[in-house]
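K.L.:
So that we are looking at the same thing, I have put the structure below in structure tokens.
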Amino acid sequence: MSAVWSYFRLEGEKSNTAECNVCHASVSRGGSRSDKFNTTNLIKHLQKHHGKEYIEFIEASNAKKKNVSHQQTLLENIQKREKLPPESNKAKLITEKIVEFVVLDDQPLSVVENVGFQRLMEHLEPRYVLPNRQFISVQAVPDKYKQVCKFISECLQSVPSLSLTTDIWSSDVCPLSLLSLTAQWIDSSFTLQKAVLHAKQFHGSHTGESIATALEEMLNVWKIPKSKVHVILRDNASNMIKAMDRLGLASLGCFAHTLQLVVNEGLLAQRNVSDALAIGRKIVGHFKHSPQAYSRLEDIQMELNMPLKRLMQDVRTRWNSTYHMIKSLTEQKRVLCAYSAEYELPATLGTQQWGLLEKVMTTLAPFEELTREVSSSSSSASDVIPIVCVLKRFLSRENEDDEGIKKMKSILLEAVNRRFRDVESEPLYTFATLLDPRYKDRCFTNIEASKQAKALLVVEVMKTEEVLRKTTADSSEPAEGASCSAALEPAKKTPRMDSASHSRLESIFDEMLKENTVESVSQLATTSARFEIQTYLSKPTIQRSDNSLLYWHVNQPRLPTLASTAAKFLCAPTTSVESERLFSTAAIIIDERRSRLTAEKAEMLIFLKKNLPLMLK
């Protein structure tokens, strides 16, 4: 109660006036209803007419406020000393963020027992009780795993079609083998989405039967029917091929892996090339095993005002590593020549061999560029046929710089023709290429294969039309006032590669697309699905730097059936790189600090590492 009431009295609780105890004057309480009453008029009366009493009132009010403030300060101090209950919302949120920190930054579960981390948390929130390692491992991480699993499962339920990748990996720090399964699909807004479904411990022999059984169990866990699986990308090993056959699922080999097999054939085909590469490996190996030699090399680099760069060793299992070794050697040619004049090397390259390596590097550069392109996150199965066509053209062209490597180029061309001879008859590739607005039907070298592919595409689109008719009323009809023959809207440009310079292969791509004119498809226009295909194919292709998925997002209202078919075939990747990236993550997680992780816990952490960012978007 306010101290002012020491100087006033009321006739009744609902009285709208109060009587002054000093002068007995009636003073309004500031309102006609009790919920509007206040003490403002009473205080002003004291201030105006009773100065002594007003000063007493002010002193009494201040003393009361000071007492209340002191009580509140004591209460706050007590509350600050009290620890947060583990079940409180704030404590749960902090624990959740610690789990995200462990997962996203590859921290060991024991980080909560580190003194530095404990001091940090004590400083940020003294009331928070930091859980121990066992709680993080047994309770917090599994809870987050279930949460992310639920999110991914809900995403997959609404997907009509998805593509998968799979591979097998063995750890170097503990006896553990993992079988991966990743998924990617195109959502309703034509955005490519990716998720890791499993990195499961794989026991026993890696036979086709055991791989097939493990993959089927994974699909059952996620309740993914085989009819929803568009294709599985795998490596080219016979056990993987056999596993896919036993599963009864369409599969494709890793395009990048096959491309590297072509490169290996070419490098081994010519003796003088093999000899020059062998000398290059000896030179690089010398510096790799001698810190003193590397120190001397760096001194020479500084003397010549060249950037400090290390030589790269090629590794047979690492894509394009031979190209990068040759590149690092040729970049350091002056440095190496100066080094060999002062110090001993296990072997040296002659003038002709240096020239030979430069020519080999020029020939391998397109393979390196295309491997990077197909290994990018945006690459699609639609890139395969155009890339094979461009490689054939590149290797078929002879020029004066080919002197000394003609045999290697001919073997490379022969290997490309042999290993990719069936790409234009594989529907998974042909449909994807036709439905990619950057390529359409302009990249086929076999006219008959192109005609057959378009005829089969009509059948596929009609199947999609039937499905859409059952699920969405009138979805295949053009919007009122629009027409399928209206100008298709272009997609915005999205660069696919990080190179600032124009690709040496772009001119061949452009040449190929301009040469192949559009074949008349008027005979197709008998149904709405065929009319969509005719309209789509009759328009010019978009630039290779454009985003094909954005194109379909923009043009879906005009070509609804064709857009749905495109979402199915363009979700297929070119390579099994997603599984390779998963295993790179696994190698980071299962390191010396975490070598005692159980297989189950390792799978949880890998799953969370790859999928948590998707949920946090």
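The values are calculated or read from the model by the stated rules, or taken from the named source; none is laboratory data. Worth saying up front: this structure is predicted, and the values here are computed from it rather than measured. Neighbour counts are summed over all protein chains in view; Cβ atoms, including those assigned to glycine, are modelled from backbone coordinates with ideal geometry. Only protein heavy atoms, including side chains, enter the accessible area calculation; ligands, DNA and RNA are left aside. Shrake-Rupley method; radii C 1.70, N 1.55, O 1.52, S 1.80 Å.
K.L.:
Please count how many residues of the stretch 370-397 are open to solvent by 20 Å² or more (accessible area, probe 1.4 Å) and either part of a helix (DSSP H, G or I) or free of Cβ contacts under 8 Å to residues at least 40 places away in the same chain (or both).
P.N.:
6
K.L.:
Further, regarding this structure: Let me confirm something: among E511, E578, which residue is modelled with pLDDT under 85, closer than 23 Å to I186 by Cα, out of contact with any Cys (no Cβ under 9 Å at 6 or more places or on another chain) and not in a loop (DSSP other than H, G, I, E, B)?
P.N.:
Every option except E578 fails the conditions.
K.L.:
Can you tell which of M361, M312 is touching a residue at least 24 places away in the same chain (Cβ under 8 Å), open to solvent by 70 Å² or more (accessible area, probe 1.4 Å) and of a type in the set (A, V, I, L, M, F, W, C)?
P.N.:
Working: M361 fails: open to solvent by 70 Å² or more (accessible area, probe 1.4 Å).
Sole residue among the options that is touching a residue at least 24 places away in the same chain (Cβ under 8 Å), open to solvent by 70 Å² or more (accessible area, probe 1.4 Å) and of a type in the set (A, V, I, L, M, F, W, C): M312.
K.L.:
Find all pairs meeting these conditions: Cβ atoms under 8 angstrom apart; at least six residues apart or on different chains; first residue within the stretch 435-459 and of a type in the set (V, I, T); second residue part of a helix (DSSP H, G or I).
P.N.:
That search, which allows pairs on different chains as well, returns T445/C389; T445/K392; T445/E424; V458/L524; V458/A529; V458/R530; V458/I533.
K.L.:
Quick one: what pairs do we get from the stretch 328-344, first residue touching a residue at least 24 places away in the same chain (Cβ under 8 Å) and closer than 14 Å to H286 by Cα, second outside any helix (DSSP H, G or I) and β-branched (V, I, T), C-beta under 9 Å, 6+ apart or different chains?
P.N.:
L336/T348
K.L.:
I'm trying to understand the selection: among the residues of the stretch 88-101, which are within 13 Å of Q139 (Cα to Cα) and open to solvent by 60 Å² or more (accessible area, probe 1.4 Å)?
P.N.:
Those that are within 13 Å of Q139 (Cα to Cα) and open to solvent by 60 Å² or more (accessible area, probe 1.4 Å): K92, E96.
K.L.:
Hey, another quick one. Residues of the stretch 539-581 being out of contact with any helix residue (DSSP H, G or I) (no Cβ under 7 Å at 6 or more places or on another chain) and of a type in the set (K, R), which ones?
P.N.:
K539, R558, K568, R581
K.L.:
Does R318 satisfy the criteria of being modelled with pLDDT under 95 and either under 30 Å from G404 (Cα atoms) or open to solvent by 50 Å² or more (accessible area, probe 1.4 Å) (or both)?
P.N.:
Yes: the conditions hold for R318.
K.L.:
Under 7 Å by Cβ, and 6 or more places apart or on different chains, what pairs join a residue from the stretch 49-66 that is farther than 14 Å from C20 by Cα with one that is open to solvent by less than 80 Å² (accessible area, probe 1.4 Å)?
P.N.:
Once the first residue is farther than 14 Å from C20 by Cα and sits in the stretch 49-66, its partners that are open to solvent by less than 80 Å² (accessible area, probe 1.4 Å) give A60/A3; S61/A3; K64/A3.
K.L.:
Right, G208: among the small types (G, A, S) and touching a Lys or Arg at 6+ places or on another chain (Cβ under 6 Å) or not?
P.N.:
In short, yes.
K.L.:
Considering each residue of the stretch 104-115, count those that are assigned to a helix (DSSP H, G or I) and exposed (fewer than 13 other Cβ atoms within 10 Å of the Cβ), and give that number. If you could, list the steps in order and put the result at the bottom.
P.N.:
Within the stretch 104-115, the subset assigned to a helix (DSSP H, G or I) is 104, 109-113, 115.
Then keep just the ones that are exposed (fewer than 13 other Cβ atoms within 10 Å of the Cβ); that gives 115.
Looking only at that region, the number is 1.
K.L.:
Something else: If we scan the stretch 190-203, do we find a residue that is surrounded by 15 or more Cβ atoms within 10 Å (Cβ to Cβ) and free of Cβ contacts under 8 Å to residues at least 40 places away in the same chain?
P.N.:
Yes; the residues of the stretch 190-203 include at least one that is surrounded by 15 or more Cβ atoms within 10 Å (Cβ to Cβ) and free of Cβ contacts under 8 Å to residues at least 40 places away in the same chain.
K.L.:
Could you please find all residues in the stretch 412-430 being open to solvent by 10 Å² or more (accessible area, probe 1.4 Å) and either small (G, A, S) or in a helix (DSSP H, G or I) (or both)?
P.N.:
If the condition is that a residue be open to solvent by 10 Å² or more (accessible area, probe 1.4 Å) and either small (G, A, S) or in a helix (DSSP H, G or I) (or both), then L413, E414, N417, R418, R419, V423, E424, S425, P427, L428, Y429 are the ones that fit.
K.L.:
Taking the criterion of being assigned to a strand (DSSP E or B), modelled with pLDDT of 80 or more and within 21 Å of R9 (Cβ to Cβ), would at least one residue in the stretch 27-50 satisfy it?
P.N.:
The answer is yes; a qualifying residue exists.
K.L.:
If you don't mind, there's one more thing I want to ask. Is it the case that E56 is acidic (D, E) and either at pLDDT below 85 or surrounded by 11 or more Cβ atoms within 10 Å (Cβ to Cβ) (or both)?
P.N.:
Taking the combined requirement at face value, the residue satisfies it.
K.L.:
Same structure, new question: Among the residues of the stretch 6-22, are any at pLDDT 85 or above and in a helix (DSSP H, G or I)?
P.N.:
Checked against the condition, which is being at pLDDT 85 or above and in a helix (DSSP H, G or I), the stretch 6-22 yields at least one hit.
K.L.:
Still on this structure, please answer the following. Open to solvent by 90 Å² or more (accessible area, probe 1.4 Å) and closer than 21 Å to K64 by Cβ - does that describe any residue in the stretch 3-24?
P.N.:
yes
K.L.:
For residues in the stretch 321-346 being part of a loop (DSSP other than H, G, I, E, B) and open to solvent by 20 Å² or more (accessible area, probe 1.4 Å), which is nearest to D275 (Cα to Cα)?
P.N.:
Within the stretch 321-346, the match that is nearest to D275 (Cα to Cα) is P346.
K.L.:
List the residue pairs whose Cβ atoms are under 6 Å apart, where the first residue sits in the stretch 83-105 and is at pLDDT below 95, the second is open to solvent by 90 Å² or more (accessible area, probe 1.4 Å), and the two are 6 or more positions apart or on different chains.
P.N.:
Hits for this filter: L84/K90.
K.L.:
Find the residue count for the stretch 316-362, including only residues that are farther than 20 Å from Y294 by Cα and among the aliphatic types (A, V, I, L, M).
P.N.:
Going through the stretch 316-362 one residue at a time, the tally reaches 4.
K.L.:
For residues that are more than 17 Å from T213 (Cβ to Cβ), of a type in the set (A, V, I, L, M) and open to solvent by 20 Å² or more (accessible area, probe 1.4 Å), tally how many sit in the stretch 238-265.
P.N.:
Number of matching residues: 2.
K.L.:
Next question, about the same structure. Can you pull out every residue in the stretch 127-179 that is under 27 Å from the mean Cα position of the chain (by Cα), more than 30 Å from A432 (Cβ to Cβ) and among the polar types (S, T, N, Q)?
P.N.:
If the condition is that a residue be under 27 Å from the mean Cα position of the chain (by Cα), more than 30 Å from A432 (Cβ to Cβ) and among the polar types (S, T, N, Q), then S137, Q147, S170, S171, S177 are the ones that fit.
K.L.:
How many residues does the stretch 276-297 contain that are open to solvent by 60 Å² or more (accessible area, probe 1.4 Å) and without any contact (Cβ under 8 Å) to a residue 24 or more places away in the chain?
P.N.:
Count: 3.
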